[in-house]
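Colleague: The structure's right below; bear with me while I get my questions together.
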Amino acid sequence: MALAVLLIVVFVAVPIYVRTSPFSERSILQQLQEASDSQVTIRSYHRTHFPSPGAVVEGVEFHHGPNAFTFLTIGKLVIKGTYLGLLREHVLHVKAEGAHVFIPPFGSNFRFQTQHSNIVVDEVIANGTMVEFESDDPHGKPFVFDLHNAFFTDVRWGSPIHYQLKFRNPEPPGEVSVQGSFGAWTTGHPQDTPISGEYSFDHADLGVYGGISGLLSSTGKFQGLLQHIDVSGTTDTPDFEVTSGGHKVKLVSQFDAYVDAMHGDTFLKRVEAKFGRTTIIATGSVAGTKGQEGKFARLQLSGRRARIEDLLGLFVSQGRSPMSGQVSLSTRAQISPGDDPFLKKTRLDGGFGIANGTFENRETQQNVDELSAGARGENKEDPETVVSDLTGSVALVGGVAQFSDLSFGVPGAHARMHGTYDVMNEKIDLHGQMWVDTKISNTSTGVKSLLLKVMDPIFKKKKKGEIVLVHILGTYEKPEFGLDLTQESGKKKLGN
């Protein structure tokens, strides 16, 4: 009797188990298709029974949508379970080898309609997976992420998935570790799918952007929905450098932002960046623009008690900044996408003011001191130490700063100028008018003084002094200050 029962089990129960087990070929295909809302094809299938039930599936491909877009391929899928787990519809372990994920361009209306499943996978390992974000430009290169480690736990329908990832970030290149939870997936409204976690970003090479360099590290946390993920954290770049200047500084920042993962856009609520004795506050976005390719960085930058020596020190190649003093600034910045050097694709437009500024170059400061002494009719051979104040508006385009209404003052003189400064080669070309408190001939010595004395009657003393045409030429290291004697004398009063 016992033998008969055993035979019934063997000839009836076993075939039913083979056909209905979650490890059967038909069951695996059905589960994969329902979970991914796609058609799944395989190259080969092999069933395993001992020491644990499972299967090995090779050449797995997932095809989605009416165009059968292939969004996932897996070289080998190893599935392992337990006999006890069969009763609870639990799969112990799934390992994906040689996986490659293809993400279509943002906004391509790529939707999933997953179906309910009772199967629970305790852990999924997908080390070595390549994730490729396709460009919306048919000729553009995709962003590729190399997942060194990918570990997921408690994978089930309608519940959050817990994940641990380590991968290579493509731009800026660096190593990222992140852990948290994702989901549950919101069917029909993927933008409302929740996500949260913590991250660390190490050895991010800023040199990829051209014009700047340094290795950045960052830590932070994030939480929200795919359409609005709040992110906060810190960054540390101990060797930040503008390559045209060649001076390394320690740059640290704290930031609060949010990310629209559905479109790949980042919006900066507040960034507080510090280097030297300077603090700069930034808000803005790194986002796409309708009708244009790539992401544009649009920022509003401000600093109330910054130091001009810190800012200029980033860009000039000399050992010390040519000027020191407290500066306030408010400017808009735009960094366009593309392969041009950083300074070439950066555009600035704003205003600044420098209080109590002094020139570090002795010769330059002496020229300013003598100008002031002469303007006040005092001895130029032994001038007092004089400081200068500068305010103005500037627009930086293509590496050339265009100054308008540039104003600076020293005791006894005030000037307003306009012109350009080439950040790339440090050449200055500024022209304008100067108002002085004494005779023009007192602002110079020697032969030039004699010539100016002849011109004194032309510039008759006015209530607020005389107006002359002046220029600043040369380079940032060795500026040349002088009078535009060949130009028509200024006719407007300054300071009104």
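The values are calculated or read from the model by the stated rules, or taken from the named source; none is laboratory data. The structure displayed is predicted, hence computed values, not measured ones. All Cβ positions, even for glycine, are placed from backbone atoms using ideal geometry, and neighbour counts span all protein chains on display.
Colleague: Taking the range 158-168 as the search range and keeping residues that are surrounded by fewer than 17 Cβ atoms within 10 Å (Cβ to Cβ) and of a type outside the set (Ser, Thr, Tyr), which one is nearest to Thr237 (Cα to Cα)?
Modeller: Going through the qualifying residues, I end up with Arg168.
Colleague: Still on this structure, I have one more. When the residues of the range 196-217 are narrowed to those that are within 20 Å of the chain's Cα centre (by Cα) and under 18 Å from Ala261 (Cβ atoms), which ends up surrounded by the fewest Cβ atoms within 10 Å (Cβ to Cβ)?
Modeller: In this case the residue turns out to be Glu198.
Conditions (1) farther than 16 Å from Glu480 by Cβ; (2) under 27 Å from the mean Cα position of the chain (by Cα); (3) modelled with pLDDT of 80 or more; (4) not in a strand (DSSP E or B), marked per residue:
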| residue | (1), (2), (3), (4) |
| --- | --- |
| Leu371 | no, no, no, yes |
| Glu378 | yes, no, no, yes |
| Leu396 | yes, yes, yes, no |
| Asp405 | yes, no, yes, no |
| Arg416 | yes, no, yes, no |
| Gly419 | no, no, yes, no |
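Colleague: Can you name the residue in the range 171-195 that is farther than 16 Å from Ala150 by Cα and of a type in the set (Ser, Thr, Tyr) and, of all such residues, is surrounded by the most Cβ atoms within 10 Å (Cβ to Cβ)?
Modeller: Thr193
The rows are residues; the columns are (1) touching a residue at least 24 places away in the same chain (Cβ under 8 Å); (2) surrounded by fewer than 18 Cβ atoms within 10 Å (Cβ to Cβ); (3) in the same structural domain as Met424 (by TED's automatic domain parsing); (4) among the charged types (D, E, K, R).
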| site | (1), (2), (3), (4) |
| --- | --- |
| Thr219 | no, yes, no, no |
| Gly224 | yes, yes, no, no |
| Asp236 | no, yes, no, yes |
| Val242 | yes, no, no, no |
| Leu268 | yes, no, no, no |
| Val271 | no, no, no, no |
| Arg277 | yes, yes, no, yes |
| Ile281 | no, yes, no, no |
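Colleague: Something else: Can you name every one of the strands (runs of 3 or more DSSP E) wholly within the range 117-232 that holds 2 or more residues which are modelled with pLDDT of 85 or more and polar (S, T, N, Q)?
Modeller: Here the list reads 143-156, 161-170, 173-182, 194-205, 215-225.
Colleague: Sticking with this structure for a sec: Among Thr41, Thr70, Thr48, which is closer than 23 Å to Trp157 by Cβ and among the β-branched types (Val, Ile, Thr)? Quick ask: steps written out before the conclusion?
Modeller: Working: Thr70 fails: closer than 23 Å to Trp157 by Cβ; Thr48 fails: closer than 23 Å to Trp157 by Cβ.
On inspection, the qualifying residue turns out to be Thr41.
Colleague: Which of the residues that make up the range 298-340 are in a strand (DSSP E or B), modelled with pLDDT of 75 or more and among the small types (Gly, Ala, Ser)?
Modeller: The answer is Ser302, Gly303, Ala306, Gly325, Ser328, Ser330, Ala333.
Colleague: Cβ contacts < 7 Å: first residue under 18 Å from Ala261 (Cβ atoms) and touching a residue at least 12 places away in the same chain (Cβ under 8 Å), restricted to the range 287-303; second residue part of a strand (DSSP E or B) and among the acidic types (Asp, Glu), any location; separation 6+ or different chain. Result?
Modeller: Ala287/Asp265; Gly288/Asp265
Colleague: How many of the residues making up the range 262-275 are at pLDDT below 90 and more than 14 Å from the chain's Cα centre (by Cα)?
Modeller: Matching residues across the range 262-275 total 2.
Colleague: Continuing with this model, one more query. Against the conditions (1) free of Cβ contacts under 8 Å to residues at least 24 places away in the same chain; (2) outside any strand (DSSP E or B), where does Ser253 fall short? Just the number, please.
Modeller: The one condition Ser253 does not meet is (2).
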